[in-house]
Amino acid sequence: MSLYAHYGALLDGVLDQLVAEGALPGDLDRKNVAVEPPRDPAHGDLATNAAMVLAKAAATNPRALAGLIAPKLEALPGVTGVEIAGPGFINLRLDQAAWRDELATILTEGAAYGRSSVGKGERVNVEYVSANPTGPMHMGHCRGAVVGDALASLLEAAGFVVTREYYVNDAGSQVDTLARSAHLRYREALGHDIGEIPEGLYPGDYLVPVGQALAAEFGDKFVDAPEPDWLQLFKTKTVAAMIVLIKADLALLGIHHDLFASEAELAAAGGPDRAMAALDAKGLVYQGVLERPKSLDEEDEWEPVELTLFRSSQFGDDQDRPLQKSDGSWTYFGGDAAYHLQKAEKADHLVNIWGADHAGTVKRIQAAVTALTDGRVDLDVKIVQMVKLLRAGEPIKMSKRSGNFVTLADVVREVGKDVVRFIMLTKRADTPLEFDFAKVVEASKDNPVFYVQYAHARIASLQRKATEAGVSLDTPADLALLDSEELGLVKVAAQYPRAIEAAALSHEPHRIAFYLNDLASAFHSLWNRGNDDPARRFLIEDRPDVTRARLELARGVGQVLKNGLGLMGVEAAEEMR
């Protein structure tokens, strides 16, 4: 159990005492009570909002309640002082033994340090990437892929059961276009002159091997055949080839989904009919006419058409939404509602990682999920902004081979998986991100990838240098030899379990990158004090006892760095070249 969880449990025991004494009612909701670092470290080591959160329900004021809680906290082991601040916050100071114990916990738990059961085994479906299966992954897909995969790992570390899902949009007009593009490459593979790729078809060379495979399988059977004879077959074959390509691209980033769900299969199985029937049974489907689109000018022609509508406005949407078109075919929303029903039947929570171009559809899908599940399942949609590619500050030219975009595979091969993944998490997903090929491989403290990796590499080098210097690491270290500044580094490392829970519950994996940067900064600062004073270095050959204590401190910090990088899908560097 981490230090914050330990003192959270002790605080819970204090509140139980107050209930037993009749000072607090027994039915108070404590879920928002927190034990955390104070905003200003000068105020203490821990802070709790218990009095602020519980006072109203307890029919008292926060400072009065804090006055009941504080004396009991002060009597807890390891607590050296308690202060009531402002309107009722309670700050605690701990003795040094508490932080030495936390370092020992980090070292003992190792790779498990920071993991928790806050998720209580609840099922979360995280859908991410879900790009149209019309070509290789490009950098427009990369950020959402990394954000979704890191979030899935975070949720698992916080005790949720996670399904990583990719939704294959294989039922739309773009797949017909893909099949026609593949047919053109099929003819090319058989020696026909196809000339310039016609406007509207996919021009990328990635379809050349698809055409060759089709030619090898079918010969010239479909060269002059009418489109209805080959379109469905070529769609199936080409989509399958694209999924293989997409999986290979994602694997370069270390990303593997548990499930690839097919839109076409869902439609063939009657998914949209089932979703509409479920909504209709709740009285949420009717025949009606949508309002005139606000985007149209008064002189623009518009004819109202009766459609099958879902009462999504009852669930927070701006207006009701059509499930079916006037010809009886399903709208995109109708198919999406069916897909989310399918996911919700096997999950307690849904998370979608979407590109910025989908921002306008969030409310309607959330309305559908709420209606279809009677509010049992919640849907959180994280919008991911685009990545601007630069080289030494200049915009990147597009790749003709790939069809006018830069492939994810090309970027990973140039700078490496770890660099790509880390940089994608250095900003909130909903803010624009610049990816400069020159800067992301720069060996400087301004490059967050290098800065964090260098901290871990320095720690790894310490262990090697200690062995070379003949310092025995088998002798138990006396952590009491660590000074207050060194224990200050433990205080930063001890925040890691809280960082995981906060990042997981908010669905914001970038918080881990921010935290690791703070921890690396604290470590580098402690390291640099030895530049001016040799007695403050981590490795002092004639003081093996001090060296062992400092090496254990470094090892604990290195473990936390490695654990956090692992959640981001990034390897912890043992040395920097």
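No value in this document is a laboratory result; all are computed from the given coordinates. Source: prediction; values computed, not measured. Cβ sites come from the backbone with ideal geometry, for glycine too, and all protein chains shown count toward neighbours.
So here's what we get for this one:
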quantity: Lys465/Asp29 FRET efficiency (R0 56 Å; Cβ-Cβ; nearest 0.05); calculated: 0.60
quantity: Charge sum, other residues only, whose C-beta stays under 15 Å from Leu107's C-beta, Lys/Arg counted +1 and Asp/Glu -1; calculated: -2
quantity: GluC sites (Glu not before Pro) lying in DSSP loop within region 255-319, provided at most 14 other Cβ fall within 10 Å; calculated: Glu291, Glu298, Glu299, Glu301
quantity: Ratio of the Cα radius of gyration of region 448-567 to 2.2 N^0.38 Å, where N counts its residues; calculated: 1.09
quantity: Distance between modelled label sites at Asp16 and Ile194, nm, 7 Å Cα→Cβ extension; calculated: 7.1 nm
quantity: Potential extension, Asp446-Lys221 segment - 0.36 nm per residue separation minus Cα distance; calculated: 75.1 nm
quantity: The chain - percent relative contact order, Cα under 8 Å, separation 6 or more; calculated: 15 percent
quantity: Sorted by Cβ density within 10 Å, fewest first, the residues Ser130, Ser116; calculated: Ser116, Ser130
quantity: Residue pairs, from the table Lys247/Lys417; Lys294/Lys382; Lys388/Lys562, whose Cα atoms sit over 25 Å apart; calculated: Lys294/Lys382; Lys388/Lys562
quantity: Square roots of 5 times each gyration tensor eigenvalue, C-alpha, the chain, largest first, Å; calculated: 52, 35, 18
quantity: Calculated on alpha-carbon atoms, Rg and Dmax of region 195-324 in Å; calculated: 21.8, 56
quantity: Unit Cα scatterers, Debye sum, region 148-263: log10 I(q)/I(0) for q = 0.09, 0.10, 0.15, 0.18 Å⁻¹; calculated: -0.33, -0.39, -0.72, -0.92
quantity: Sites Glu414 and Ala59, calculated FRET efficiency, Cβ-Cβ separation with R0 60 Å, nearest 0.05; calculated: 0.40
quantity: Helix 227-252 axis, angle to the chain major axis (alpha carbon atoms, nearest 10°); calculated: 20 degrees
quantity: Counting all C-alpha pairs of region 1-63, share separated by more than 19 Å (%); calculated: 33 percent
quantity: Sorted by Cβ neighbour density within 10 Å, fewest at the top, the residues Thr407, Thr475, Thr308; calculated: Thr475, Thr308, Thr407
quantity: Of Lys343/Lys363; Lys120/Lys363; Lys397/Lys439, pairs whose Cα-Cα distance is over 20 Å; calculated: Lys120/Lys363
quantity: FRET efficiency for Ser472 and Ala5, using Cβ-Cβ distance with R0 set to 35 Å, rounded to 0.05; calculated: 0.55
quantity: Separation in nanometres of the label points that stand 7 Å from Cα toward Cβ, at Ala480 and His524; calculated: 3.6 nm
quantity: Electrostatic dipole magnitude of the chain [Cβ: Lys, Arg +1; Asp, Glu -1; Cα centre; debye, to 20]; calculated: 1200 debye
quantity: Loop-resident sites, region 186-225, for GluC sites (Glu not before Pro), counting at most 16 other Cβ within 10 Å (DSSP); calculated: Glu196, Glu199
quantity: Fully extended contour minus Cα-Cα distance, from Asp229 to Leu259, at 0.36 nm per residue; calculated: 7.7 nm
quantity: In nm, spacing of pseudo-spin labels at Arg39 and Gln96 (7 Å Cα→C-beta vector); calculated: 3.1 nm
quantity: Between 0 and 90°, nearest 10: helix 496-506 axis offset from the chain longest Cα axis; calculated: 30 degrees
quantity: Computed over region 26-175, the ratio Rg/Rh where both radii use C-alpha atoms and Rh is Kirkwood; calculated: 1.17
quantity: Calculated diffusion of region 58-122, Stokes-Einstein form, Kirkwood radius summed over Cα pairs, 37 °C and 0.692 mPa s, µm²/s; calculated: 227 µm²/s
quantity: Trypsin sites (Lys or Arg not before Pro) restricted to DSSP loop in region 302-359 with at most 13 other C-beta within 10 Å; calculated: Lys325, Lys346
quantity: Alpha-carbon centroids, region 283-300 and region 1-23: separation in whole Å; calculated: 56 Å
quantity: Net +/- balance of residues flanking Asp258 in space, Cβ distance below 15 Å, scoring K and R +1, D and E -1; calculated: +1
